[in-house]
Amino acid sequence: MINILFAFFMKLEEIGLRGMLYDVLRYKFVTWLSVLLQTLLFVSVTIAVGQIQVLVGLAPGVSINIFYIILIFCFGICLQLLRLCTGSFWTSIGFHLAYLEIMRFAISPHQFGVPPIITFHESVSGIGVLISICMMIIGSIIVSLVILGAKRYGKVHNLNQNAFKSY
């Protein structure tokens, strides 16, 4: 039940930040600046929610430090690039939910106080977090940039072919 409620609020976040806000920013700015500004707002919202939890007496969901801010920044870029690749923010919602569930039940279940789906022993302390960051977030950013580059190359290549055929 909690995951369903969480998924509902995540949809609102994705629709608000990666949907409406990005569209407004994209109307005013170039794509890379729109992605950067939207990601900075995503980081700000995440930090603000953590601080509000502390102010009202709840335990913060995460400890906010520079490592976490970098993680959230990369994650925000990843989510926006997924939206740009697919043209739909539903991809961002699915990736966001999958990432959180994998972190919660596979990579670091003890941090969230839940029973693990799988268990593994880290040969090096912190390797699970490193895997989650490098493979899931940075990997998705790289794949998204390759896809966007291929789409752009395809458009330019088609324009050049059409221009050549018209002569």
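Read the figures in this text as sums done on the coordinates, not as results from a lab. Keep in mind the model is a prediction, meaning the values are calculated, not measured. Note that each Cβ is placed from the backbone with ideal geometry, even for glycine, and that neighbours are counted across all protein chains shown.
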- Ordered by packing density, taken as the mean number of other Cβ atoms within 10 Å over each peptide's residues, highest first, how do 38-50, 77-89 rank? 77-89, 38-50
- Message: Let's test the formula: R0 of 45 Å, r as the Cβ-Cβ distance of ARG152 and LEU12. What FRET efficiency results, to the nearest 0.05?
- Response: 0.90
- Message: Around GLN38, under 14 Å between beta carbons, what's the net of Lys plus Arg minus Asp minus Glu among the other residues?
- Response: +1
